[in-house]
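Heads up: the structure comes next, in C-alpha coordinates.
The values are calculated or read from the model by the stated rules, or taken from the named source; none is laboratory data. Remember, it's a predicted structure, so these values are computed and weren't measured experimentally. Because the Cβ atoms are built from the backbone with ideal geometry, glycine has one as well, and the counts that use them run over all protein chains shown. The protein model used for the area step is the full one, side chains on, heavy atoms only, and it has no ligands, DNA or RNA in it. Shrake-Rupley method; radii C 1.70, N 1.55, O 1.52, S 1.80 Å.
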Amino acid sequence: METISFFDGRKIPLERHKVRIVQKLNLLPVEERLACIKEASSNLYLLHNKDVFLDMLTDSGVNAMSDRQQAAMMQADDAYAGSESFYRLEKTVQEIFGMEHFLPAHQGRGCEKVIADLLVQQGDIVPMNYPFTTVKAHIKRCGGEVVPLLYPAGLECQSDNPFKGNLDTDALEKLLEQKGDKVPFVRVEAGTNLIGGQPFSFANFRETAAICRKHEVPLILDASLFQDNLYFLKIRDEECKDLTLREITRAVADLCDIIYFSARKLGFARGGGICLRESELVNPLKELIVLNEGFLTYGGMSVREIEAIAVGLEETMDLSITSQGPEFIAYMVAELEKRSVPVVTPAGGLGCHLDASRFVPHIPQLQYPAAALAAALYIAGGIRGMEHGTFSESRDADGNEILADMELLRLAMPRRVFTMSQIDYAIDRVTWLYENRDLIGGLCFKREPNILRSFIGELAPLSDWQEKLAEKFSRDLPNSL
Ligand code: F0G
(Lines give C-alpha, C1' and ligand atoms only; values in the text may rest on other atoms or scores of the structure.)
Protein backbone atom coordinates (compact mmCIF):
# COMPACT_ATOMS: atom_id res chain seq x y z
CA MET A 1 0.00 0.00 0.00
CA GLU A 2 1.24 3.47 -0.83
CA THR A 3 1.96 5.20 2.48
CA ILE A 4 3.68 8.51 3.22
CA SER A 5 5.74 8.87 6.40
CA PHE A 6 6.93 12.11 7.96
CA PHE A 7 10.73 12.28 8.50
CA ASP A 8 10.16 13.63 12.02
CA GLY A 9 7.94 10.66 12.91
CA ARG A 10 4.65 12.52 13.28
CA LYS A 11 1.55 10.72 12.09
CA ILE A 12 -0.55 13.34 10.33
CA PRO A 13 -2.93 12.50 7.52
CA LEU A 14 -1.71 14.23 4.38
CA GLU A 15 -4.29 15.67 2.01
CA ARG A 16 -3.95 14.17 -1.46
CA HIS A 17 -5.80 17.00 -3.17
CA LYS A 18 -5.58 20.77 -3.36
CA VAL A 19 -8.30 23.29 -2.60
CA ARG A 20 -9.48 25.30 -5.60
CA ILE A 21 -12.88 26.61 -4.51
CA VAL A 22 -13.54 27.87 -1.01
CA GLN A 23 -16.54 29.05 0.99
CA LYS A 24 -16.22 31.71 3.68
CA LEU A 25 -17.21 30.60 7.17
CA ASN A 26 -18.54 32.69 10.07
CA LEU A 27 -17.52 32.11 13.64
CA LEU A 28 -20.03 33.96 15.80
CA PRO A 29 -19.07 35.22 19.28
CA VAL A 30 -20.15 32.92 22.10
CA GLU A 31 -23.06 35.17 23.21
CA GLU A 32 -24.51 34.94 19.70
CA ARG A 33 -23.98 31.17 19.62
CA LEU A 34 -25.97 30.98 22.85
CA ALA A 35 -28.80 33.04 21.30
CA CYS A 36 -28.79 30.83 18.18
CA ILE A 37 -29.03 27.56 20.09
CA LYS A 38 -31.95 28.94 22.08
CA GLU A 39 -33.66 30.08 18.88
CA ALA A 40 -33.11 26.57 17.45
CA SER A 41 -34.70 24.95 20.54
CA SER A 42 -31.43 23.14 21.30
CA ASN A 43 -31.88 21.00 18.17
CA LEU A 44 -28.92 21.46 15.86
CA TYR A 45 -30.97 20.59 12.77
CA LEU A 46 -32.89 23.79 13.39
CA LEU A 47 -29.83 26.07 13.20
CA HIS A 48 -29.21 28.23 10.15
CA ASN A 49 -26.05 27.03 8.43
CA LYS A 50 -24.69 30.60 8.31
CA ASP A 51 -24.49 30.48 12.13
CA VAL A 52 -22.39 27.30 12.10
CA PHE A 53 -18.59 27.41 11.95
CA LEU A 54 -17.75 23.72 11.46
CA ASP A 55 -20.70 21.78 10.13
CA MET A 56 -20.01 18.25 11.34
CA LEU A 57 -23.69 17.27 11.30
CA THR A 58 -23.29 14.76 8.50
CA ASP A 59 -21.33 13.65 5.47
CA SER A 60 -24.60 13.37 3.55
CA GLY A 61 -24.65 15.45 0.36
CA VAL A 62 -21.93 17.77 1.66
CA ASN A 63 -18.73 16.04 0.55
CA ALA A 64 -16.39 18.14 -1.57
CA MET A 65 -16.66 17.27 -5.24
CA SER A 66 -13.64 16.78 -7.45
CA ASP A 67 -12.81 18.79 -10.54
CA ARG A 68 -13.66 15.69 -12.58
CA GLN A 69 -17.11 15.51 -11.02
CA GLN A 70 -17.76 19.19 -11.69
CA ALA A 71 -16.60 18.77 -15.28
CA ALA A 72 -18.90 15.79 -15.81
CA MET A 73 -21.84 17.81 -14.47
CA MET A 74 -21.35 20.35 -17.25
CA GLN A 75 -21.98 17.80 -19.97
CA ALA A 76 -25.06 16.11 -18.53
CA ASP A 77 -27.75 15.00 -20.94
CA ASP A 78 -31.03 16.52 -19.80
CA ALA A 79 -33.95 14.29 -20.73
CA TYR A 80 -36.92 12.91 -18.85
CA ALA A 81 -36.46 9.54 -20.51
CA GLY A 82 -33.38 7.85 -21.92
CA SER A 83 -30.74 10.31 -20.67
CA GLU A 84 -27.20 9.35 -21.69
CA SER A 85 -26.11 10.46 -18.21
CA PHE A 86 -28.18 7.69 -16.70
CA TYR A 87 -26.73 5.07 -19.04
CA ARG A 88 -23.22 6.22 -18.06
CA LEU A 89 -24.06 5.77 -14.38
CA GLU A 90 -25.76 2.43 -15.03
CA LYS A 91 -22.65 1.17 -16.82
CA THR A 92 -20.38 2.32 -13.98
CA VAL A 93 -22.57 0.67 -11.35
CA GLN A 94 -22.74 -2.54 -13.39
CA GLU A 95 -18.95 -2.60 -13.74
CA ILE A 96 -18.29 -1.90 -10.07
CA PHE A 97 -20.91 -4.18 -8.49
CA GLY A 98 -21.32 -6.70 -11.30
CA MET A 99 -25.12 -6.61 -11.11
CA GLU A 100 -27.38 -6.44 -14.11
CA HIS A 101 -30.00 -3.93 -13.04
CA PHE A 102 -29.69 -0.44 -11.59
CA LEU A 103 -32.80 1.43 -10.47
CA PRO A 104 -32.28 5.10 -9.56
CA ALA A 105 -33.82 6.79 -6.52
CA HIS A 106 -33.73 10.33 -5.17
CA GLN A 107 -31.72 9.26 -2.10
CA GLY A 108 -31.13 6.31 0.23
CA ARG A 109 -34.48 6.40 1.97
CA GLY A 110 -36.24 6.33 -1.42
CA CYS A 111 -34.60 2.92 -1.97
CA GLU A 112 -35.62 1.82 1.51
CA LYS A 113 -39.21 2.89 0.92
CA VAL A 114 -39.72 0.87 -2.27
CA ILE A 115 -37.89 -2.19 -0.90
CA ALA A 116 -40.04 -2.14 2.25
CA ASP A 117 -43.23 -1.54 0.24
CA LEU A 118 -42.49 -4.56 -1.92
CA LEU A 119 -41.09 -7.02 0.61
CA VAL A 120 -42.27 -6.21 4.15
CA GLN A 121 -45.66 -7.32 5.40
CA GLN A 122 -47.51 -7.03 8.71
CA GLY A 123 -45.79 -9.22 11.32
CA ASP A 124 -42.52 -9.61 9.39
CA ILE A 125 -39.15 -9.40 11.05
CA VAL A 126 -36.02 -8.08 9.41
CA PRO A 127 -32.69 -9.12 10.93
CA MET A 128 -29.77 -6.77 10.40
CA ASN A 129 -26.38 -6.09 11.92
CA TYR A 130 -27.81 -2.76 13.11
CA PRO A 131 -30.63 -0.51 11.89
CA PHE A 132 -30.34 3.01 10.58
CA THR A 133 -33.17 5.41 11.51
CA THR A 134 -34.73 5.68 8.05
CA VAL A 135 -34.79 1.94 7.24
CA LYS A 136 -36.26 1.17 10.64
CA ALA A 137 -39.02 3.74 10.09
CA HIS A 138 -39.93 2.28 6.67
CA ILE A 139 -39.99 -1.30 7.93
CA LYS A 140 -42.20 -0.27 10.86
CA ARG A 141 -44.47 1.68 8.53
CA CYS A 142 -45.10 -1.54 6.60
CA GLY A 143 -45.94 -3.46 9.80
CA GLY A 144 -42.55 -5.12 10.29
CA GLU A 145 -40.00 -5.10 13.10
CA VAL A 146 -36.24 -4.88 12.88
CA VAL A 147 -34.06 -7.27 14.86
CA PRO A 148 -30.51 -6.02 15.49
CA LEU A 149 -28.07 -8.93 15.57
CA LEU A 150 -24.75 -7.37 16.52
CA TYR A 151 -22.29 -9.20 18.75
CA PRO A 152 -22.15 -7.54 22.19
CA ALA A 153 -18.72 -6.13 21.21
CA GLY A 154 -20.45 -3.93 18.63
CA LEU A 155 -22.04 -1.86 21.37
CA GLU A 156 -18.89 -1.44 23.47
CA CYS A 157 -17.76 2.14 22.99
CA GLN A 158 -14.14 1.42 23.82
CA SER A 159 -12.75 -1.61 22.12
CA ASP A 160 -9.92 -2.89 19.99
CA ASN A 161 -12.22 -5.08 17.90
CA PRO A 162 -11.53 -4.03 14.29
CA PHE A 163 -14.93 -5.28 13.01
CA LYS A 164 -17.59 -4.13 15.44
CA GLY A 165 -20.14 -4.05 12.61
CA ASN A 166 -20.12 -7.86 12.31
CA LEU A 167 -23.49 -9.60 12.38
CA ASP A 168 -23.95 -12.39 14.95
CA THR A 169 -24.19 -15.32 12.55
CA ASP A 170 -25.18 -17.89 15.21
CA ALA A 171 -28.10 -15.71 16.19
CA LEU A 172 -29.05 -15.29 12.52
CA GLU A 173 -28.96 -19.05 11.93
CA LYS A 174 -31.18 -19.63 14.96
CA LEU A 175 -33.62 -16.90 14.00
CA LEU A 176 -33.97 -18.16 10.43
CA GLU A 177 -34.48 -21.73 11.67
CA GLN A 178 -37.24 -20.67 14.04
CA LYS A 179 -38.93 -17.84 12.16
CA GLY A 180 -37.55 -17.99 8.62
CA ASP A 181 -41.04 -17.73 7.12
CA LYS A 182 -41.46 -14.29 8.70
CA VAL A 183 -38.17 -12.94 7.33
CA PRO A 184 -38.49 -11.23 3.93
CA PHE A 185 -34.77 -10.36 3.78
CA VAL A 186 -31.64 -9.88 5.86
CA ARG A 187 -30.06 -6.43 5.75
CA VAL A 188 -26.40 -5.72 6.43
CA GLU A 189 -25.22 -2.15 6.72
CA ALA A 190 -21.69 -1.33 5.60
CA GLY A 191 -19.78 1.08 7.87
CA THR A 192 -22.51 0.66 10.49
CA ASN A 193 -23.63 4.22 11.10
CA LEU A 194 -25.27 4.35 14.51
CA ILE A 195 -22.59 2.40 16.36
CA GLY A 196 -19.85 4.76 15.22
CA GLY A 197 -19.25 3.96 11.54
CA GLN A 198 -17.94 0.46 12.31
CA PRO A 199 -17.17 -2.07 9.54
CA PHE A 200 -17.91 -5.77 9.01
CA SER A 201 -15.19 -8.24 8.07
CA PHE A 202 -15.17 -10.18 4.84
CA ALA A 203 -15.39 -13.56 6.61
CA ASN A 204 -18.41 -12.40 8.59
CA PHE A 205 -20.17 -11.12 5.50
CA ARG A 206 -19.44 -14.35 3.61
CA GLU A 207 -20.86 -16.41 6.48
CA THR A 208 -23.96 -14.21 6.64
CA ALA A 209 -24.47 -14.71 2.90
CA ALA A 210 -24.08 -18.50 3.22
CA ILE A 211 -26.75 -18.62 5.94
CA CYS A 212 -29.09 -16.49 3.85
CA ARG A 213 -28.57 -18.76 0.85
CA LYS A 214 -29.18 -21.89 2.93
CA HIS A 215 -32.51 -20.48 4.13
CA GLU A 216 -33.33 -18.93 0.75
CA VAL A 217 -33.67 -15.46 2.21
CA PRO A 218 -32.35 -12.54 0.12
CA LEU A 219 -29.34 -10.66 1.47
CA ILE A 220 -29.53 -6.89 1.06
CA LEU A 221 -26.48 -4.69 1.55
CA ASP A 222 -26.96 -1.05 2.50
CA ALA A 223 -23.82 0.30 0.82
CA SER A 224 -24.37 3.96 1.75
CA LEU A 225 -21.21 3.90 3.89
CA PHE A 226 -19.47 1.25 1.83
CA GLN A 227 -16.46 3.42 1.03
CA ASP A 228 -15.40 3.44 4.69
CA ASN A 229 -16.04 -0.29 5.11
CA LEU A 230 -14.05 -0.88 1.93
CA TYR A 231 -11.09 1.08 3.29
CA PHE A 232 -11.18 -0.91 6.55
CA LEU A 233 -11.39 -4.22 4.65
CA LYS A 234 -8.28 -3.17 2.74
CA ILE A 235 -6.26 -2.09 5.77
CA ARG A 236 -7.60 -4.29 8.61
CA ASP A 237 -8.70 -7.55 6.98
CA GLU A 238 -5.96 -10.10 6.25
CA GLU A 239 -8.17 -11.67 3.60
CA CYS A 240 -8.44 -8.46 1.60
CA LYS A 241 -5.12 -6.74 2.06
CA ASP A 242 -3.64 -7.90 -1.24
CA LEU A 243 -6.75 -7.14 -3.28
CA THR A 244 -7.51 -3.85 -5.00
CA LEU A 245 -10.52 -1.82 -3.81
CA ARG A 246 -12.27 -2.84 -7.01
CA GLU A 247 -11.65 -6.53 -6.34
CA ILE A 248 -12.84 -6.26 -2.74
CA THR A 249 -15.99 -4.46 -3.89
CA ARG A 250 -16.76 -7.15 -6.41
CA ALA A 251 -16.12 -9.93 -3.88
CA VAL A 252 -18.61 -8.31 -1.46
CA ALA A 253 -21.16 -7.61 -4.19
CA ASP A 254 -20.99 -11.20 -5.46
CA LEU A 255 -22.42 -12.30 -2.09
CA CYS A 256 -25.46 -9.97 -2.25
CA ASP A 257 -28.87 -10.28 -3.83
CA ILE A 258 -29.60 -6.56 -3.66
CA ILE A 259 -27.37 -3.56 -2.96
CA TYR A 260 -28.80 -0.11 -2.34
CA PHE A 261 -27.07 3.10 -1.44
CA SER A 262 -27.42 6.76 -0.67
CA ALA A 263 -25.28 8.58 -3.23
CA ARG A 264 -25.24 11.51 -0.83
CA LYS A 265 -22.52 9.39 0.76
CA LEU A 266 -21.30 6.72 -1.66
CA GLY A 267 -20.30 8.56 -4.83
CA PHE A 268 -19.79 11.97 -3.14
CA ALA A 269 -22.87 13.55 -4.76
CA ARG A 270 -26.65 13.40 -4.19
CA GLY A 271 -29.07 10.65 -5.11
CA GLY A 272 -29.26 6.90 -4.68
CA GLY A 273 -30.13 3.63 -6.28
CA ILE A 274 -30.77 -0.08 -6.08
CA CYS A 275 -28.64 -2.71 -7.83
CA LEU A 276 -29.94 -6.23 -8.32
CA ARG A 277 -29.60 -9.33 -10.40
CA GLU A 278 -32.25 -10.66 -12.75
CA SER A 279 -35.11 -11.95 -10.57
CA GLU A 280 -38.85 -11.71 -10.09
CA LEU A 281 -38.23 -8.61 -7.94
CA VAL A 282 -36.99 -6.48 -10.83
CA ASN A 283 -40.30 -5.59 -12.44
CA PRO A 284 -42.31 -4.83 -9.29
CA LEU A 285 -39.42 -2.69 -8.00
CA LYS A 286 -39.31 -0.81 -11.30
CA GLU A 287 -43.02 -0.07 -10.95
CA LEU A 288 -42.54 1.28 -7.43
CA ILE A 289 -39.60 3.43 -8.57
CA VAL A 290 -41.68 4.99 -11.33
CA LEU A 291 -44.55 5.58 -8.92
CA ASN A 292 -42.51 7.01 -6.05
CA GLU A 293 -39.21 8.30 -7.34
CA GLY A 294 -39.48 9.19 -11.02
CA PHE A 295 -38.90 7.60 -14.40
CA LEU A 296 -36.36 4.76 -14.60
CA THR A 297 -33.64 6.93 -16.12
CA TYR A 298 -33.55 9.58 -13.39
CA GLY A 299 -35.42 8.36 -10.26
CA GLY A 300 -35.73 11.83 -8.74
CA MET A 301 -32.10 12.82 -9.37
CA SER A 302 -30.96 15.68 -11.55
CA VAL A 303 -28.90 14.55 -14.54
CA ARG A 304 -26.02 16.65 -13.22
CA GLU A 305 -25.94 14.69 -10.00
CA ILE A 306 -26.18 11.44 -11.97
CA GLU A 307 -22.98 12.39 -13.83
CA ALA A 308 -21.28 13.34 -10.56
CA ILE A 309 -22.17 9.99 -8.96
CA ALA A 310 -20.72 8.05 -11.91
CA VAL A 311 -17.39 9.84 -11.50
CA GLY A 312 -17.60 9.69 -7.69
CA LEU A 313 -18.06 5.91 -7.73
CA GLU A 314 -14.97 5.53 -9.91
CA GLU A 315 -13.02 7.79 -7.55
CA THR A 316 -14.14 5.65 -4.60
CA MET A 317 -12.08 2.83 -6.11
CA ASP A 318 -8.93 4.97 -5.64
CA LEU A 319 -7.36 4.31 -2.24
CA SER A 320 -5.68 7.72 -2.04
CA ILE A 321 -9.16 9.28 -2.27
CA THR A 322 -11.11 6.82 -0.14
CA SER A 323 -8.53 6.87 2.66
CA GLN A 324 -8.89 10.64 3.31
CA GLY A 325 -12.01 10.43 5.48
CA PRO A 326 -10.98 7.54 7.75
CA GLU A 327 -7.44 8.92 8.15
CA PHE A 328 -8.71 12.31 9.35
CA ILE A 329 -11.14 10.57 11.69
CA ALA A 330 -8.39 8.34 13.09
CA TYR A 331 -6.28 11.46 13.75
CA MET A 332 -9.09 13.21 15.63
CA VAL A 333 -9.94 10.10 17.67
CA ALA A 334 -6.28 9.55 18.60
CA GLU A 335 -5.79 13.19 19.67
CA LEU A 336 -8.95 13.15 21.80
CA GLU A 337 -7.92 9.87 23.41
CA LYS A 338 -4.56 11.46 24.34
CA ARG A 339 -6.60 14.11 26.19
CA SER A 340 -8.71 11.41 27.93
CA VAL A 341 -11.90 12.48 26.14
CA PRO A 342 -14.26 9.48 25.81
CA VAL A 343 -14.58 8.54 22.15
CA VAL A 344 -15.69 5.45 20.26
CA THR A 345 -12.76 3.19 19.44
CA PRO A 346 -11.43 1.89 17.23
CA ALA A 347 -11.89 4.93 15.01
CA GLY A 348 -14.57 4.16 12.44
CA GLY A 349 -15.76 5.82 9.28
CA LEU A 350 -18.05 8.79 8.77
CA GLY A 351 -16.93 10.79 11.79
CA CYS A 352 -15.42 10.98 15.24
CA HIS A 353 -17.95 9.82 17.83
CA LEU A 354 -17.97 11.22 21.35
CA ASP A 355 -19.35 8.83 23.97
CA ALA A 356 -21.88 11.01 25.79
CA SER A 357 -22.62 8.36 28.43
CA ARG A 358 -19.05 8.81 29.73
CA PHE A 359 -18.65 12.48 28.76
CA VAL A 360 -21.72 13.59 30.75
CA PRO A 361 -22.49 10.58 33.00
CA HIS A 362 -24.47 12.86 35.33
CA ILE A 363 -27.21 13.36 32.69
CA PRO A 364 -29.78 10.51 32.67
CA GLN A 365 -30.82 9.04 29.32
CA LEU A 366 -34.31 10.51 29.64
CA GLN A 367 -32.70 13.96 29.66
CA TYR A 368 -31.03 13.22 26.30
CA PRO A 369 -27.31 13.41 27.21
CA ALA A 370 -26.04 13.21 23.62
CA ALA A 371 -28.41 15.98 22.50
CA ALA A 372 -27.29 18.09 25.48
CA LEU A 373 -23.65 17.51 24.54
CA ALA A 374 -24.45 18.54 20.95
CA ALA A 375 -25.97 21.83 22.12
CA ALA A 376 -23.03 22.41 24.47
CA LEU A 377 -20.44 21.89 21.74
CA TYR A 378 -22.21 24.40 19.54
CA ILE A 379 -21.99 26.93 22.36
CA ALA A 380 -18.33 26.04 22.96
CA GLY A 381 -17.15 26.30 19.36
CA GLY A 382 -19.87 26.86 16.78
CA ILE A 383 -19.48 23.18 15.89
CA ARG A 384 -22.57 21.29 14.78
CA GLY A 385 -22.57 17.53 15.46
CA MET A 386 -25.39 15.00 15.28
CA GLU A 387 -27.01 13.28 18.22
CA HIS A 388 -27.27 9.50 18.05
CA GLY A 389 -29.02 8.51 21.22
CA THR A 390 -32.40 8.44 22.96
CA PHE A 391 -33.51 11.73 21.36
CA SER A 392 -33.27 9.93 17.97
CA GLU A 393 -35.43 6.98 19.11
CA SER A 394 -39.22 6.92 18.76
CA ARG A 395 -41.58 5.87 21.53
CA ASP A 396 -43.01 2.31 21.64
CA ALA A 397 -46.65 1.52 20.83
CA ASP A 398 -47.68 2.38 24.42
CA GLY A 399 -45.95 5.75 24.31
CA ASN A 400 -43.00 4.75 26.49
CA GLU A 401 -39.55 6.09 25.77
CA ILE A 402 -37.10 3.61 24.22
CA LEU A 403 -33.62 4.11 25.63
CA ALA A 404 -30.89 4.04 23.00
CA ASP A 405 -28.19 1.35 23.15
CA MET A 406 -25.56 4.07 22.92
CA GLU A 407 -25.52 7.81 23.58
CA LEU A 408 -23.19 9.25 20.94
CA LEU A 409 -22.43 12.65 19.51
CA ARG A 410 -21.21 12.16 15.97
CA LEU A 411 -18.82 14.75 14.59
CA ALA A 412 -19.02 13.87 10.92
CA MET A 413 -16.11 14.42 8.59
CA PRO A 414 -17.49 15.28 5.16
CA ARG A 415 -14.83 14.12 2.73
CA ARG A 416 -12.12 16.63 1.73
CA VAL A 417 -14.01 19.55 3.32
CA PHE A 418 -12.03 20.42 6.46
CA THR A 419 -8.37 21.32 6.89
CA MET A 420 -6.08 20.04 9.62
CA SER A 421 -6.21 23.31 11.59
CA GLN A 422 -10.00 23.15 11.62
CA ILE A 423 -9.81 19.62 12.99
CA ASP A 424 -7.29 20.82 15.61
CA TYR A 425 -9.76 23.61 16.52
CA ALA A 426 -12.53 21.02 16.97
CA ILE A 427 -10.22 18.89 19.14
CA ASP A 428 -9.41 21.96 21.25
CA ARG A 429 -13.05 22.98 21.80
CA VAL A 430 -14.11 19.41 22.63
CA THR A 431 -11.26 19.28 25.15
CA TRP A 432 -12.34 22.58 26.73
CA LEU A 433 -15.88 21.24 26.98
CA TYR A 434 -14.67 18.03 28.58
CA GLU A 435 -12.82 20.05 31.23
CA ASN A 436 -16.11 21.88 31.89
CA ARG A 437 -18.46 18.92 31.49
CA ASP A 438 -20.01 19.35 34.95
CA LEU A 439 -21.66 22.54 33.70
CA ILE A 440 -23.62 20.68 31.01
CA GLY A 441 -27.21 19.88 32.01
CA GLY A 442 -30.14 17.90 30.59
CA LEU A 443 -32.88 18.70 28.08
CA CYS A 444 -36.61 18.00 27.82
CA PHE A 445 -39.10 18.16 24.95
CA LYS A 446 -40.95 21.37 24.19
CA ARG A 447 -42.54 19.86 21.08
CA GLU A 448 -42.28 16.16 20.26
CA PRO A 449 -43.05 14.74 16.78
CA ASN A 450 -44.31 11.15 16.39
CA ILE A 451 -41.59 9.87 14.06
CA LEU A 452 -37.96 10.77 13.28
CA ARG A 453 -38.23 13.13 16.21
CA SER A 454 -34.58 14.18 16.31
CA PHE A 455 -34.98 15.97 12.98
CA ILE A 456 -37.66 18.45 13.99
CA GLY A 457 -38.25 17.96 17.72
CA GLU A 458 -37.91 21.06 19.90
CA LEU A 459 -36.07 20.87 23.21
CA ALA A 460 -35.47 23.11 26.20
CA PRO A 461 -32.68 23.08 28.80
CA LEU A 462 -33.75 21.94 32.28
CA SER A 463 -31.93 24.86 33.95
CA ASP A 464 -29.85 27.89 32.96
CA TRP A 465 -26.84 25.64 32.23
CA GLN A 466 -26.41 26.98 28.69
CA GLU A 467 -25.96 30.56 29.98
CA LYS A 468 -23.49 29.32 32.62
CA LEU A 469 -21.49 27.42 30.02
CA ALA A 470 -21.28 30.48 27.74
CA GLU A 471 -20.18 32.68 30.69
CA LYS A 472 -17.45 30.20 31.62
CA PHE A 473 -16.22 30.15 28.02
CA SER A 474 -15.97 33.96 28.00
CA ARG A 475 -13.99 33.86 31.27
CA ASP A 476 -11.62 31.09 30.10
CA LEU A 477 -11.04 32.50 26.60
CA PRO A 478 -11.65 36.25 27.02
CA ASN A 479 -9.88 37.26 23.81
CA SER A 480 -11.30 34.58 21.56
CA LEU A 481 -14.50 34.14 19.62
N1 F0G B 1 -28.50 4.14 5.17
C2 F0G B 1 -27.50 4.63 5.92
C3 F0G B 1 -26.48 3.71 6.48
C4 F0G B 1 -27.43 6.01 6.15
O5 F0G B 1 -26.44 6.48 6.89
C6 F0G B 1 -28.40 6.85 5.58
C7 F0G B 1 -28.38 8.29 5.80
C8 F0G B 1 -29.42 6.28 4.81
C9 F0G B 1 -29.43 4.92 4.63
C10 F0G B 1 -30.49 7.13 4.20
O11 F0G B 1 -29.98 7.79 3.11
O12 F0G B 1 -30.21 10.21 3.75
O13 F0G B 1 -29.84 9.51 1.38
O14 F0G B 1 -32.00 9.08 2.48
N15 F0G B 1 -27.66 8.84 6.65
C16 F0G B 1 -27.56 10.29 6.85
C17 F0G B 1 -26.56 10.58 7.96
C18 F0G B 1 -28.86 10.95 7.08
O19 F0G B 1 -26.40 11.75 8.29
O20 F0G B 1 -25.90 9.67 8.47
P21 F0G B 1 -30.54 9.24 2.65
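For segment 377-418, the fraction of alpha-carbon pairs lying more than 11 Å apart is 72 percent, rounded to a whole number. Derived scalar couplings between HN and Hα for segment 258-272 equal 9, 10, 10, 7, 8, 7, 5, 10, 6, x, 6, 9, 8, x, x Hz in order, rounded to whole Hz, by the Karplus curve 6.51 cos²θ - 1.76 cosθ + 1.60 (θ = phi - 60°), x for Gly and Pro.
Starting from the Cα gyration tensor of segment 119-265, take the square roots of the eigenvalues, sort them a ≥ b ≥ c, and report rounded, prolate or oblate (rounded when a/c is under 1.5, otherwise prolate if a/b is larger than b/c, else oblate). The shape class here is prolate. So if I take the centroid of the Cα atoms in segment 3-42 and the same for segment 304-370, what is the distance between those two points in Å? Between the Cα centre of segment 3-42 and that of segment 304-370, the gap is 14 Å. Between Ala35 and Gln23, the modelled label-to-label distance comes to 2.4 nm, taking each label 7 Å out from Cα in the direction of the beta carbon. Kindly identify segment 407-477 as rounded, prolate or oblate by the Cα gyration tensor criterion: order the square roots of the eigenvalues as a ≥ b ≥ c, call it rounded if a/c is under 1.5, otherwise compare a/b with b/c, prolate if a/b is larger, else oblate. Because a/c hits 1.5 or more and a/b fails to exceed b/c, segment 407-477 counts as oblate. Quotient of the Cα radius of gyration of segment 155-236 and 2.2 N^0.38 Å, N being its number of residues: 1.11.
Evaluating 6.51 cos²θ - 1.76 cosθ + 1.60 at θ = phi - 60° for every residue in segment 24-38, the Karplus couplings come out as 5, 10, 9, 10, 6, x, 4, 5, 6, 4, 4, 4, 5, 5, 5 Hz, glycine and proline recorded as x. Here's how it looks for Val147: its modeled amide H is under 5 Å from those of Val126, Met128, which are all 5 or more places away or on a different chain. Using the Cβ-Cβ distance between Ser5 and Asp476 with R0 set to 35 Å, the FRET efficiency from 1/(1 + (r/R0)^6) comes to roughly 0.40. Across all directions, the shadow cast by the convex hull of segment 67-317 built on its C-alpha atoms averages 12.7 square nanometres. Of all DSSP beta bridges confined to segment 67-317, the antiparallel ones make up roughly 50%.
For the peptides 70-76, 269-275, 159-165, the ranking by packing is 269-275, 159-165, 70-76, with the highest mean count of neighbouring Cβ atoms within 10 Å listed first. Potential lengthening of the chain between Asp464 and Asp78 amounts to 133.6 nm, from the contour at 0.36 nm per residue minus the alpha-carbon distance. A Förster distance of 30 Å, applied to the separation of the beta-carbon atoms of Glu95 and Asp67, puts the FRET efficiency at 0.85.
Percent of Cα pairs in segment 1-55 per distance bin of 10 Å, from zero to the largest separation: 18, 30, 18, 24, 10.
Other residues lying with their Cβ under 13 Å from the Cβ of Phe86 contribute a combined charge of -4, Lys and Arg counting +1, Asp and Glu -1. In sequence order, segment 160-176 has phi-based couplings of 10, 6, x, 10, 6, x, 4, 8, 6, 6, 5, 5, 5, 4, 4, 4, 5 Hz under the Karplus curve 6.51 cos²θ - 1.76 cosθ + 1.60, θ = phi - 60°, and Gly or Pro positions carry x. Taking 7 Å steps out from each Cα toward its Cβ at Ala210 and Asn450 produces label points 4.6 nm apart.
Rolling a 1.4 Å probe across the protein heavy atoms gives the chain an accessible surface of 41 Å² per residue. Put simply, when 212-224, 190-202 are sorted by average Cβ atoms within 10 angstrom per residue, most first, you get 190-202, 212-224. For segment 111-191, the equivalent ellipsoid derived from the alpha-carbon gyration tensor has semi-axes of 23, 15, 9 Å in decreasing order.
Name the lysines eligible as straight-distance cross-link partners of Lys38: C-alpha to C-alpha under 23 Å, and not fewer than 8 places from it in the same chain. Within reach: Lys50, Lys446, Lys468, Lys472. The residues neighbouring Ala35, those whose beta-carbon lies less than 11 Å from its own, together hold a net charge of -3 under the Lys/Arg +1, Asp/Glu -1 convention. Taking only protein heavy atoms and a 1.4 Å probe, the accessible area of the chain is 51% carbon and sulfur. Dipole size of the chain about its Cα centre, with +1 on Lys/Arg Cβ and -1 on Asp/Glu Cβ: approximately 860 debye, rounded to the nearest 20. Bridge orientation summary for the chain: considering DSSP beta bridges with both residues in this region, about 65 percent are antiparallel. If the segment from Met420 to Ser320 were pulled out straight at 0.36 nm per residue, it would be longer than the present Cα-Cα gap by 34.3 nm. For segment 67-317, the tally of Lys pairs with Cα-Cα distances below 17 Å comes to 10, considering only residues 8 or more apart or on different chains.
According to the Cα-based calculation, Rg over Rh for the chain is 0.96, with Rh computed by the Kirkwood formula.
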